[in-house]
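Asks: Would you mind keeping the following structure in view while I ask a few things?
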Amino acid sequence: MYLKAALFMALGIAFAAADEIHLVNCQNTSPRLPRDEYTVMVYYASSRDLNGPPPSNNICFPVSSGTVQWERSGGVSCTFPMGITFRETLNANAPSAPNFSAVGSGSNGFNSYTCYKDNGHQLYVDNDAKVCFSSYYCLSN
Ligand SMILES: *[C@@H]1O[C@H](CO)[C@@H](O)[C@H](O)[C@H]1NC(C)=O
């Protein structure tokens, strides 16, 4: 009981420090390969560690293969390996919103977030050499 509470608090604190969740689309960029696109949520404890493939504890696949539409009605939720569930809800018109404008909200059960349209910049290259682009990012309020 005590251990469970301590673990829960540790996760809560870890995720509270987490001020950045990216909603990411990864794909092969070579025209000789199928796109083979997939979507992933990536959690960063701070924007300082925005380089290289993220550790597996920091990534979450909302669907087991292929892509989820980040802007779908009802939002998208995903449970990270450490047990924290992040849910985002984006406006239907988010894809055409200006870069860096607020397009929705999110929650991890502890903190609320505001989600912004990203400019599609490359975040990292995954272990299969797919290039991962940031579609949206959510910052804790
Ligand atoms: C966002 O930025 C990207 C990269 O610079 C650009 O290609 C795109 O047109 C921009 N989108 C909007 C809606 O301004």
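The values are calculated or read from the model by the stated rules, or taken from the named source; none is laboratory data. Computed from a predicted model, the values in this text were never measured in an experiment. Reconstructed Cβ throughout: ideal geometry from the backbone, glycine too, with neighbour counts over all protein chains shown.
Asks: Of the conditions (1) within 16 Å of the ligand (Cβ to nearest atom); (2) touching a residue at least 24 places away in the same chain (Cβ under 8 Å), VAL68 satisfies every one except a single condition; which number is it?
Replies: The failed condition is (1).
Asks: Only one residue in SER134, SER77 is more than 16 Å from the ligand (Cβ to nearest atom) and among the small types (Gly, Ala, Ser), so which one is that?
Replies: Working: SER134 fails: more than 16 Å from the ligand (Cβ to nearest atom).
Of SER134, SER77, the one residue that is more than 16 Å from the ligand (Cβ to nearest atom) and among the small types (Gly, Ala, Ser) is SER77.
Asks: Of the conditions (1) modelled with pLDDT under 95; (2) part of a loop (DSSP other than H, G, I, E, B); (3) surrounded by 14 or more Cβ atoms within 10 Å (Cβ to Cβ), PRO62 clears all except one; give me its number.
Replies: (1)
Asks: Can you pull out the residues in region 113-131 that are under 15 Å from the mean Cα position of the chain (by Cα) and not in a strand (DSSP E or B)?
Replies: Selection gives ASP118, ASN119, GLY120, HIS121, ASP126.
Asks: Next up: I'd like the full set of residues that are more than 15 Å from the chain's Cα centre (by Cα), aliphatic (A, V, I, L, M) and away from the ligand (no atom under 11 Å from the Cβ), limited to region 86-109. I'd like the intermediate steps shown before the answer.
Replies: Narrowing region 86-109 to residues more than 15 Å from the chain's Cα centre (by Cα): 91-102, 109.
Those still in the list that are aliphatic (A, V, I, L, M) too: 92, 94, 97, 102.
Those that are more than 15 Å from the chain's Cα centre (by Cα), aliphatic (A, V, I, L, M) and away from the ligand (no atom under 11 Å from the Cβ): ALA92, ALA102.
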